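Structure record follows, encoded as structure tokens.
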Ligand SMILES: [Fe+2]
């Protein structure tokens, strides 16, 4: 008799985390709005198709008024853009996104087109207003700060400070600059929560060694008492290098925000002090970004030469 191992339901691997909005949003909205947040899907060979579909299914089950995506849709190549369009296109309702560092490294234009084919509005340092349940919600989307594409001033210049606003930024550290402009809640990703969170390893690796101020979870304050706003760093769905995730906080996640409801108590986390990366580290990071940009340009040139030769 053939023996087959029971196949685990990929939906059970994903944590669905729920949060209230901020006090300013509560004051500005007449009725609650549900926003689903997905990030770091990294469509590619490291992250299984099943996990991608499970995340989309869990999002649809929550019946959000809006779904927001905060970058890193690809890993290292553009080979999975078809799947990206298919999976994200299956998420019902309006969808708004910003790009991440991997999207810029692999090809921002192509990733943006794939997202648009999936019915997603991609914000690049700009604001847009959605009418949801008869109420306006403004989305302020920053382009990726890690690769130097974020322009907070430009994004803020396009926003209406009188509207209830939600900020989107792949890199959480940009949130501080949005709070002061009236964006009291910012959603972000990038860290994957460190992927190994046992024994606080993620806080050590990302907080102390890599110098990230925000590692995973909710930071700042939603009541306007200790800080001007809050930022949420999601663990994301996928990975670009290795898929291993160990620890409850490392689980892939779909986060749900009930904007306009009163904030739960006790979930804020003090920002990890971290430390500014050394000049050498910053220089290495800039060199790596330039190297990847040169490689991408080289590949694009080769592709256009091939197209010309074929013509
Ligand atoms: Fe990522």
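Where a number appears in this text, it was derived from the coordinates with a stated rule and is not lab data. All values derive from a computational prediction rather than experimental measurement. FYI the Cβ positions are ideal-geometry reconstructions off the backbone, even for glycines, and counts take in every protein chain you see.
For residue 63 and residue 157, what does the FRET efficiency come to when R0 = 35 Å and r is the distance between their Cβ atoms, rounded to the nearest 0.05? With R0 = 35 Å, the Cβ-Cβ based efficiency is 0.55.
The slack between residue 300 and residue 284, meaning 0.36 nm per residue of separation minus the straight C-alpha distance, is 3.3 nm. Largest GNM mean-square fluctuation across 117, 301, 45, computed for the chain with C-alpha springs under 10 Å, falls on 301. Considering only 250, 90, 175, the mean-square fluctuation computed in a Gaussian network model of the chain, springs between alpha carbons under 10 angstrom, is largest for 90. Compared with the alpha-carbon gap, the fully stretched path from residue 244 to residue 121 is longer by 41.2 nm at 0.36 nm per residue.
Grab the DSSP H runs of the chain that are 4 residues or longer, score each as -39,500 (n - 2.57), total them, divide by all residues and round the 222 nm result to the nearest 500 deg cm²/dmol. My calculation for the chain gives -8500 deg cm²/dmol from helical runs alone.
Simple spin-label estimate for residue 11 and residue 46 gives 2.7 nm between the two label positions (7 Å along the Cα-to-Cβ direction from each Cα). Extension gain for residue 110-residue 131 works out to 4.7 nm (0.36 nm per residue, less the C-alpha to C-alpha distance). Counting neighbouring beta carbons within 10 Å and listing from fewest to most, the residues 22, 128 come out as 128, 22. The share of Cα pairs per 20 Å bin across the chain, counted from zero up to the longest distance, runs 33, 58, 8, 0 percent. Taking the chain as a Gaussian network of alpha-carbon nodes connected by springs under 10 Å, the highest mean-square fluctuation of the residues 71, 167, 93 belongs to 93.
Mean projected area of the Cα convex hull of the range 33-112, taken over all directions, amounts to 4.6 nm². Modelled spin labels at residue 79 and residue 264, positioned 7 Å past Cα toward Cβ, are 4.0 nm from each other.
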